[in-house]
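*Asks:* The structure is given below, and queries will be raised subsequently.
Throughout, read-outs are computed from the coordinates displayed, never taken from laboratory work. No experiment lies behind these values; they were computed from the predicted model shown. Here the Cβ positions follow ideal geometry from the backbone for every residue, glycine too, while neighbour counts run over all protein chains shown.
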Amino acid sequence: MPGLETFASYQSSWFKDDIRAALSVAAVALPVAIAYAQLTGVNAAVGLYSCVLPMLVYALFGTSKQLIVGPDAATCAVIAAVVTPLAAGDSVKHWQLVMTMTAMTGLWCLIASRFKLGVLADFLSKPILMGLLNGVAITIIVGQFSKIFGFTFDDKYLLERLGGVPTYLAQTHVPTLLMALLTVIIYFVMKRLKPSWPASMFAISFGAILVWIFNLGQYDVKTIGTVTGGFPVFQTPEFNVGIIRELVMPALNLAVVSFVSMMLTARSFAAKNGYDIDADKEFRALGFANMASALSQGFAVSGADSRTAVNDANGGKTQLVSIIAAAIIAVIAIFLTAPLEFIPSAALGVVLVIASVHLLDLKAVWNLRLRDRQAFYLALTTLFAVLFIGVIPGITLAVLLGLFQFIRTVMRPTDQVLGLDSKGVIRSLDSSDKAKPVAGIFIYRFNSPLTYFNAGYFKRRLFEGYARQKDDIKCVIIDAVPCFTHLDLSVMAVLSDIQQTFKKRGVKVILAGRKRQLLSWFEQTEMVSGDDGIMILSDLYLALKLNQSYQAAQEEPQAVNALTEVDKSVLLHSQI
């Protein structure tokens, strides 16, 4: 528990900053948690439950001192997309499915942590995540128009909803729209006058007060209704295993996306405050936080970038901020839920739209077009997938795109032909002419681990590079360090073919680097090394020196006597 280490060395001077930050975080988290509960399709109190235990658990197990975990727009949108069709309108079943999916998400995170898969933080590239978050943001914004304008969507998918805009706008409920506009005005006025104050909380509170005083329910202004607070009571789910099976892959997708999103936030604030975080421990902390949320009747959580930013802006120093903020929210969830029933749904819709706008960054996606065309197409593909085929298929496609991007990089990596510069340093041959080819020697580097699906490409690129050489090549040296990382029988078979082809042409093949490892692999696969097969040496410089000594000995035998002591020892080593 990294948090305990922080608390053990806690300085009293930090407490004032942590208290201030905790109050600000709680003020921002309260309206957002209620709004995200509405987005998920569960009671408002569930949103509050989803803040309390997860924040306490992360404060103990997380390695970030600033990160605040809690409900997240993308996470809630994913859960709603999966659970709503399975629940078929049954509110109790809907809630139980939400808790079950949350527990499964936590379990996937714990499994990933156990196998040290924190590297998945780099699995979804930045362009793919940009497309994903923009798509989710647009989906949420469009979905909240029904609450803001006071109508009900008959269509499930985004395109159909957009196509029916004229029909839906004709159904606008004016009092509901006025409440939404009033919420927007109060929000931006508060932002202008008191930027550090929780504008969302003031806007929602003002709307609730108006509903209570003027009994706006008589004008059909919808509110979130009765909020059942108190201590959460565990309920055993009452649905069959077949439904649980439907949640397995969506929970895995949600675990990956939540973790990647959380790590982007955690790493940025860790870098800003001058400390490091452990990706594997963060995976475990996220897993425990989601399990705690499920056990307290909550829904899936992730790193909350807006609340983390509030924490940092108010000078939060340690994980104590999460503990204090969780305690404040717990008191409200258990004892003070009665006033929440007056909160207008239109106000919550406005808060969700504003939160989603912060996720929206289409300009950044467009700017990729100038910097990296491939990244731009990846982001655009993910964005349109989320918009046109849905959140869950879009996330699945994003994960597959990340996988395909990695496989493509490994299958078709960069490679170089190497030479020597004026100082005798081995470097790549390029248009700068800082390095020159070595007469009679072809030095090749393949920048990817060799495996069965890129061994053929490696062979083809090696022969293509060899064919372009103008000199009479007597030796081919392969840099073994970047490409021979693990034993693969297919690779060894291709290597044997390469050796036989070059042997017929009178060309010697040398592998430079990973000598002990390669000798062991050759012995296991019964391949021949040494003078009668592929020679294996410890590094490129030794391989180059050996061949120069060989050539000198073959061209001018008397020159051997003039070799330096180093040359003699190298030549003796090669003969041995």
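*Asks:* Taking 1 over the mean of 1/r across every pair of different Cα atoms in the stretch 192-232, what Kirkwood radius in Å do you get? The partial results should precede the final answer.
*Replies:* Numbers: mean 1/r = 0.0808 Å⁻¹.
The Cα-based Kirkwood calculation yields 12.4 Å.
*Asks:* Could you list V301, V331 so that the one with the fewest beta carbons within 10 Å of its beta carbon is first and the one with the most is last?
*Replies:* With the fewest neighbours first, V301, V331 line up as V331, V301.
*Asks:* About its Cα centre, what dipole magnitude does the stretch 251-357 give when the only charges are +1 on Lys and Arg Cβ and -1 on Asp and Glu Cβ, stated in debye to the nearest 20? Don't skip to the answer; put the middle values down first.
*Replies:* Values: 6 positive and 7 negative charges, 19 e Å.
Dipole about the Cα centre, nearest 20: 100 debye.
*Asks:* Here's another thing I want to ask about it. Using the structure shown, list the pairs from K423/K459; K434/K474; K126/K459 with a Cα-Cα distance above 25 Å, or answer none. All intermediate terms of the calculation are to be shown ahead of the outcome.
*Replies:* On the way: K423/K459 31 Å; K434/K474 23 Å; K126/K459 32 Å.
Violating the 25 Å limit, Cα to Cα: K423/K459; K126/K459.
*Asks:* Using only Cα atoms, what Kirkwood radius does the stretch 14-407 have, in angstroms?
*Replies:* Evaluated over the stretch 14-407, this radius sits at 21.1 Å.
*Asks:* What lysines does K156 reach when the alpha-carbon gap must be under 17 Å and sequence neighbours fewer than 8 apart in one chain are set aside?
*Replies:* Correct list for K156: K147.
*Asks:* Let me ask something else. If I take every Cα pair under 8 Å that is 6 or more residues apart in the stretch 233-339, average their sequence separation and divide by the length, what percent do I get for the relative contact order?
*Replies:* Relative CO of the stretch 233-339 lands at 28 percent.
*Asks:* Just to be sure I understand: of the beta bridges DSSP finds with both ends in the chain, what percent are antiparallel, rounded to 5? Could you put the intermediate results ahead of the total?
*Replies:* On the way: 12 of 26 bridges.
Among the beta bridges of the chain, antiparallel pairing accounts for roughly 45 percent.
*Asks:* For each of Y219, Y36, Y457, count neighbouring Cβ atoms within 10 Å of the residue's Cβ, then give the residues from fewest to most.
*Replies:* Y219, Y457, Y36
*Asks:* Go ahead and estimate [θ] at 222 nm for the chain from helices alone: -39,500 (n - 2.57) per DSSP H run with n ≥ 4, summed, over the residue count, rounded to 500.
*Replies:* -21000 deg cm²/dmol
*Asks:* What is the P(r) of the stretch 114-195, as percent of Cα-Cα pairs per 10 Å bin from 0?
*Replies:* All Cα pairs considered, the percentages come to 15, 28, 26, 20, 10, 1.
*Asks:* Distance from the Cα centre of the stretch 306-368 to that of the stretch 208-285, in angstrom?
*Replies:* About 11 Å separates the Cα centre of the stretch 306-368 from the one of the stretch 208-285.
*Asks:* Taking the Cα centre as origin and putting +1 on Lys and Arg beta-carbons and -1 on Asp and Glu beta-carbons, what dipole magnitude results for the stretch 1-128, to the nearest 20 debye?
*Replies:* On the way: 7 positive and 6 negative charges, 24 e Å.
Roughly 120 debye, rounded to the nearest 20.
*Asks:* Continuing with the same structure: In Å, what Kirkwood hydrodynamic radius results for the stretch 286-378 from the alpha-carbon pair distances?
*Replies:* The Cα-based Kirkwood calculation yields 17.0 Å.
*Asks:* Straight-line reach from K317: which lysines have a Cα under 22 Å away, not including same-chain ones fewer than 8 places off?
*Replies:* Within the straight-line cut-off, K317 pairs with K16, K65, K272, K281.
*Asks:* Sticking with this structure for a sec: Which whole-number percent gives the relative contact order of the stretch 170-235, counting Cα pairs below 8 Å spaced six or more residues apart?
*Replies:* After rounding, I find 32 percent.
*Asks:* What is the angle, in °, between the Cα long axis of helix 15-40 and the longest principal axis of the Cα atoms in the chain? Nearest 10 is fine, range 0 to 90.
*Replies:* That helix lies at roughly 80 degrees to the long axis.
*Asks:* OK, next. Determine, at each q value in 0.08, 0.14, 0.16, 0.21 (inverse angstroms), the log₁₀ of I(q)/I(0) that the Debye formula gives when each Cα of the stretch 349-503 is one equal point scatterer.
*Replies:* Summing over Cα pairs of the stretch 349-503 leads to -0.41, -0.85, -0.96, -1.29.
*Asks:* Between the DSSP loop rule and a limit of at most 12 other Cβ atoms within 10 Å, which chymotrypsin sites (Phe, Trp or Tyr not before Pro) in the stretch 64-139 are left?
*Replies:* Here the sparse-neighbourhood loop sites are F115.
*Asks:* Reachable aspartates and glutamates from K508, Cα under 18 Å, same-chain residues fewer than 8 places away excluded?
*Replies:* Once the sequence-local aspartates and glutamates are set aside, what remains near K508 is E464, D471, D472, D479, D497, D531, D532, D539, E555.
*Asks:* So, one more: For a footprinting-style exposure proxy, rank C483, C76 by other Cβ within 10 Å, fewest first.
*Replies:* Lowest to highest Cβ neighbour count: C483, C76.
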